[in-house]
Amino acid sequence: MWTRRKYIEPGLKPNYERIKMNKYKLITAVIMMLTLLISCGSKPESALPENWAGRGEVRVYEVFGMDCPGCHGGLEKQLNALDGVIDSRADWTSKQVMVLIDPAVEVSDATIHEGMKRANFTAGERLK
């Protein structure tokens, strides 16, 4: 007849509460990671957003220091606060930011680089 193997020393009982807590911790960690990936993730922006067509000049810059999905929000907020910037979209996976510039306002690359620096990122070269 088959018997159950005992992996526990004789006289010691398994701590079922601890095993149950470890299961809950693992499930909670998986749920938190999935939530982070879904809520904070940004899809790569290969094309211009629909509402940008014909509204102004679009510039694309290289950005160094964006290493996680949450990084792009601070950069976009800082760039959108600049005079002459209508909107901006950052993508942490491609390490680029697209900036929509108001055609009526003169905005230099140095101004955009300064905005990136204030957001604690290193500005790369202008790609487009």
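The values are calculated or read from the model by the stated rules, or taken from the named source; none is laboratory data. Computed from a prediction, not measured in an experiment: that's the story for all the values here. All Cβ positions, glycine included, derive from the backbone under ideal geometry; neighbour counts span all protein chains shown.
Things worth noting here:
- Hey, residue 44 within 30 Å of residue 113 (Cβ to Cβ) and modelled with pLDDT under 70 or not: yes
- Within the range 89-98, restricting attention to residues that are touching a Gly at 6+ places or on another chain (Cβ under 9 Å) and in a strand (DSSP E or B), the residue that is surrounded by the fewest Cβ atoms within 10 Å (Cβ to Cβ) is 96.
- The residues listed here are 119, 104; of these, the one that is aliphatic (A, V, I, L, M) and more than 30 Å from residue 33 (Cβ to Cβ) is 104.
- For the range 57-87, a residue qualifies if it is assigned to a strand (DSSP E or B) and among the basic types (Lys, Arg), and exactly one does: 59.
- Taking the range 109-128 as the range and being crowded, with 18+ Cβ neighbours inside 10 Å, of a type in the set (A, V, I, L, M, F, W, C) and part of a helix (DSSP H, G or I) as the test, the residues that pass are 112, 116.
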